[in-house]
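The next block holds one structure in the form of structure tokens; read it before the comments.
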Amino acid sequence: MATKSPVAAKGLNRDVLSATALQILDAHGLAALSMRRLASELGVDPMAAYRHLPNKDALLDAVLDRVLRDVDLPSRTDSPWNLRLRAGVKALMETLLRHPRAAPLLAERTWTTPYGLAVSEWFMRTLVEAGIPARDAFLATNTTGLFLVSLANAIHGATLAPPAARLAGLTAGEAPV
């Protein structure tokens, strides 16, 4: 159990739950995140958490949204689209690197949360304003997001163990041919 003081169930809300869930994810990874663990960290009954997040999918969406809310995208300015796009990519990557264990979550879930849609829309709007057709802007936005999430995951993975140690741990069936 965490050393924090327990949160009264009546003070519990989606924001507190998502912030605590992100702390669990950052510290222990996606596999460690569960409604029971979240409730334990907050010192509340697991059913109290379910009143705000009805299931694990809702919890994962709340964490995804929590991560993406931290992306500090540039406001619309008169700067050229390519500079705005570069700044947006940098802002997203900085956020992903602050929460590297969230990369698998962001790769596997659709960004249909409020902040997920806002980030996606910002990239698409920037590309469309540059004259890129909407369909191509959509594909470029998805590709860029997946690339950055994969890159953050690879960077984080590289910090877990040196490549030789990771390769040495592979069995014959796991090793690439």
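The values are calculated or read from the model by the stated rules, or taken from the named source; none is laboratory data. None of these values were measured; they are calculated from a predicted model. Cβ placement follows ideal geometry from the backbone for every residue including glycine, while neighbour counts extend to all protein chains displayed. Just the protein is used for accessible areas: all its heavy atoms, side chains included, with ligands, DNA and RNA removed. Shrake-Rupley method; radii C 1.70, N 1.55, O 1.52, S 1.80 Å.
Tabulated results
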{"item": "Which numbered condition LEU148 misses (of (1) closer than 16 Å to LEU22 by Cα; (2) touching a residue at least 40 places away in the same chain (Cβ under 8 Å))", "result": "(1)"}
{"item": "Identity of the residue in the stretch 98-111, in contact (Cβ under 8 Å) with a residue 12 or more places away in the chain and part of a loop (DSSP other than H, G, I, E, B), that ends up surrounded by the fewest Cβ atoms within 10 Å (Cβ to Cβ)", "result": "ARG109"}
{"item": "Qualifying residue in the stretch 128-146 (condition: part of a helix (DSSP H, G or I), under 25 Å from LEU33 (Cα atoms) and open to solvent by 40 Å² or more (accessible area, probe 1.4 Å))", "result": "yes"}
{"item": "Pair list, Cβ under 6 Å, 6 or more apart: the stretch 60-77 residue in contact (Cβ under 8 Å) with a residue 40 or more places away in the chain, other residue surrounded by fewer than 19 Cβ atoms within 10 Å (Cβ to Cβ) and aromatic (Phe, Trp, Tyr)", "result": "ASP65/TYR115; LEU68/TYR115; ARG69/TYR115"}
{"item": "Per-region count, the stretch 88-97, residues under 13 Å from PHE123 (Cβ atoms) and open to solvent by 40 Å² or more (accessible area, probe 1.4 Å)", "result": "2"}
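Yes/no per residue for (1) outside any helix (DSSP H, G or I); (2) of a type in the set (S, T, N, Q):
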{"site": "ARG37", "(1), (2)": "no, no"}
{"site": "ALA48", "(1), (2)": "no, no"}
{"site": "VAL63", "(1), (2)": "no, no"}
{"site": "VAL67", "(1), (2)": "no, no"}
{"site": "VAL71", "(1), (2)": "yes, no"}
{"site": "SER75", "(1), (2)": "yes, yes"}
{"site": "ASP78", "(1), (2)": "yes, no"}
